[in-house]
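The values are calculated or read from the model by the stated rules, or taken from the named source; none is laboratory data. Keep in mind it's a predicted model, so treat the numbers as computed, not measured. All Cβ positions, glycine included, derive from the backbone under ideal geometry; neighbour counts span all protein chains shown. These area figures cover heavy atoms from the full protein model, side chains too; ligands, DNA and RNA do not enter into them. Shrake-Rupley method; radii C 1.70, N 1.55, O 1.52, S 1.80 Å.
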Amino acid sequence: LLILLGTALLMLPFSTKARGGASFSDALFTATSATCVTGLVVRDTASCWSGFGQLVILLLIQVGGMGVVTMAVAIFIFSGKRIGLKQRWVMQESISAPQVGGIVRMTGFILKTAFAMEGIGAAILALRFCPRFGLWRGLWYSVFHSVSAFCNAGFDLMGEEAPFSSLTGYTGDPVVNLTVVLLVVVGGLGFMTWQDIAAHRLCFQAYRLQSKLILVTTAGLLTFGFLFFLLYEFRLPQWEGLSLGEKVLAALFQSVTPRTAGFNTVELGQLSETGRLLTILLMLTGGSPGSTAGGFKTTTLAVLILSAAAVFQRQRSARCFGRRVQEPALQSAC
């Protein structure tokens, strides 16, 4: 229903910059991509859609990234309606919460944290976008890209000068690169991991096993991807035009964004076959349970690796941080 509503709004005559509005297929594709935060487009977002059309896309990204169930529960909370046990169970499943108790309070925490992160990201991006595009347009660009990055959507508004260019104009800009990277990573960690970090700060031992797995697996994927792109991919002849600083930022960016974010600061068509293969594997892995990211989740990858290690070590069950991985978790991962 959300996708169909977005399609109808994007087909309105004033949703596009050109007269006549978008076709049904283009509007449907764009609404689906925004709601499912995939980042794929058939029309360049900046050059095709008007301000209203871009706002519709942004709202679809926000609802899709946070989760339809989360936003529905938020509406119940703000309207003062009572949330029944069935709704709490659905909410528990949607954010991978360990129990039904406290799920409404958790929803409030999710909304506050998400909007705070997006606001901070927009404020930092405004330092770059406002001087270049002017105050109001720069603020709009900042908010749009902050939400798009936090929700791991990959939609951008940089296509007016060069359609479908994504963030290739900011390859060597540390402010834009690091801000987008941090928003993508934080959005992809998952709501329960945020709660652990907020409650226990740097006391890693006090975190849930799920949060530990998420943080360790995410760090491992980012480190491996960064080292590969820096030490192998960007040393190839086609990247000779990049300075060392640009290569470092591009390596970090490309190790983060393939995992469902969809942005890029270098031309992906120039990647080597090995670079494309690694990018595909990072896209396949995705983010973490209960996050704004897609993919088959970092915890699934971690459980599969732990199970394989247990087989080679001839152990009866997989273990992690001194605890045994239960059989249902392994079955879900497989």
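Report the calculated FRET efficiency for residue 227 and residue 55 (r = Cβ-Cβ distance, R0 = 30 Å), to the nearest 0.05.
Efficiency, rounded to the nearest 0.05: 0.15.
List, largest first, the extents of the alpha carbons of segment 215-288 along their principal axes, each in whole Å.
35, 21, 19
Counting only heavy atoms of protein chains, what accessible area per residue, in Å², does the chain have with a probe of 1.4 Å?
49 Å²
When Lys and Arg each count +1 and Asp and Glu each count -1, what net charge do the other residues less than 14 Å away from residue 276, Cβ to Cβ, add up to?
Net charge around residue 276: -3.
From the convex hull of the Cα coordinates of the chain, what is the mean projected area in square nanometres?
Quarter of the Cα hull surface area: 19.0 nm².
Counting pairs of alpha carbon atoms under 8 Å apart in space and at least six apart in sequence, what relative contact order in percent does the chain give?
15 percent
Quick check: from the Cα gyration tensor, does segment 175-334 come out rounded (a/c under 1.5), prolate or oblate?
The shape class here is prolate.
Within the accessible area of the chain, what % is carbon and sulfur when the probe is 1.4 Å and the other protein chains stay in place?
Roughly 66 percent of what the probe reaches on the chain is carbon or sulfur.
Under 5 Å between amide H atoms, partner at least 5 residues away or on a different chain: which partners does residue 319 have, H built in plane at 1.01 Å?
The answer is 325.
Would you list the membrane-span-like helices of the chain, meaning whole DSSP H runs whose alpha-carbon atoms span at least 30 Å along their axis and whose mean Kyte-Doolittle value is at least -0.5?
The answer, listed by residue number, is 103-133, 209-231.
Under 14 Å from the Cβ of residue 209, count the other residues' Cβ atoms, weight Lys and Arg +1, Asp and Glu -1, and hand me the total.
Once positives and negatives cancel, what remains is +4.
Students often check this: by mean Cβ neighbours within 10 Å, which of 258-268, 52-62 ranks highest, and how do the rest follow?
258-268, 52-62
Please label the shape of segment 124-270 as rounded, prolate or oblate, based on the square roots a ≥ b ≥ c of the eigenvalues of the alpha-carbon gyration tensor (a/c under 1.5 means rounded; beyond that, a/b larger than b/c means prolate, else oblate).
Note, shape of segment 124-270 comes out oblate.
I want the local charge near residue 144. Using Cβ-Cβ distances under 12 Å, sum +1 for each Lys or Arg and -1 for each Asp or Glu among the other residues.
Within the 12 Å Cβ shell, the charges total -1.
State the extension gain, in nm to one decimal, for the chain segment bounded by residue 173 and residue 305, taking 0.36 nm per residue of separation less the distance between their alpha-carbons.
Length difference between fully extended and current span is 43.9 nm.
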